[in-house]
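A quick write-up on the structure given underneath.
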Amino acid sequence: MNDRLTYQEKADLPDSVFGLPERHEYPMPDAAHVRAAEAYFRYCPEDLKPRLAKAIVARGREFGVDVESPTVLQYASM
């Protein structure tokens, strides 16, 4: 799977794989999407960044992805 999901693929994903499930944003069903969420982290609203960062780190652990962004790691520690 690449880091592009069709509208239907995204709609079919369980809430548990989204970085922001209530907004259905930042899907992370696999390692490629964890990396994509890390890359697009800067576009997340400021007030949601700590929660998204924690989700990226947690999903990264599940897929063996080392989150390297100092910004994501900083927000994850908040």
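For the range 8-58, the candidate set comprises residues that are touching a strand residue (DSSP E or B) at 6+ places or on another chain (Cβ under 9 Å) and of a type in the set (D, E); within that set, the residue that is nearest to S77 (Cα to Cα) is E25. For the range 7-20, the condition holds for no residue, the condition being that it is in contact with a Leu (Cβ under 7 Å, 6 or more places away or on another chain) and in a loop (DSSP other than H, G, I, E, B).
Each row is one residue, and each column tells you yes or no for (1) acidic (D, E); (2) in contact with an Asp or Glu (Cβ under 8 Å, 6 or more places away or on another chain); (3) without any contact (Cβ under 8 Å) to a residue 12 or more places away in the chain.
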position	(1), (2), (3)
R4	no, no, yes
K10	no, no, no
L13	no, no, no
Y26	no, no, no
A32	no, yes, no
F63	no, yes, no
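Of the residues making up the range 65-78, those that are among the hydroxyl-bearing types (S, T, Y), touching a residue at least 12 places away in the same chain (Cβ under 8 Å) and in a loop (DSSP other than H, G, I, E, B) number 1.
Take the conditions modelled with pLDDT of 95 or more, on the phi < 0 side of the Ramachandran plot and touching a Ser or Thr at 6+ places or on another chain (Cβ under 6 Å) and apply them to E62. Does it pass? In short, no.
Tallying residues that are of a type in the set (V, I, T), over 12 Å from the mean Cα position of the chain (by Cα) and surrounded by 14 or more Cβ atoms within 10 Å (Cβ to Cβ) within the range 61-76 yields 0.
Out of A37, A53, A58, one residue alone is part of a helix (DSSP H, G or I), in contact with a Pro (Cβ under 9 Å, 6 or more places away or on another chain) and either crowded, with 16+ Cβ neighbours inside 10 Å or without any contact (Cβ under 8 Å) to a residue 12 or more places away in the chain (or both). It is A37.
The values are calculated or read from the model by the stated rules, or taken from the named source; none is laboratory data. Quick caveat: nothing in here was measured; it's all calculated off a predicted structure. Cβ: placed from backbone, ideal geometry, glycine included. Neighbour counts: every protein chain shown.
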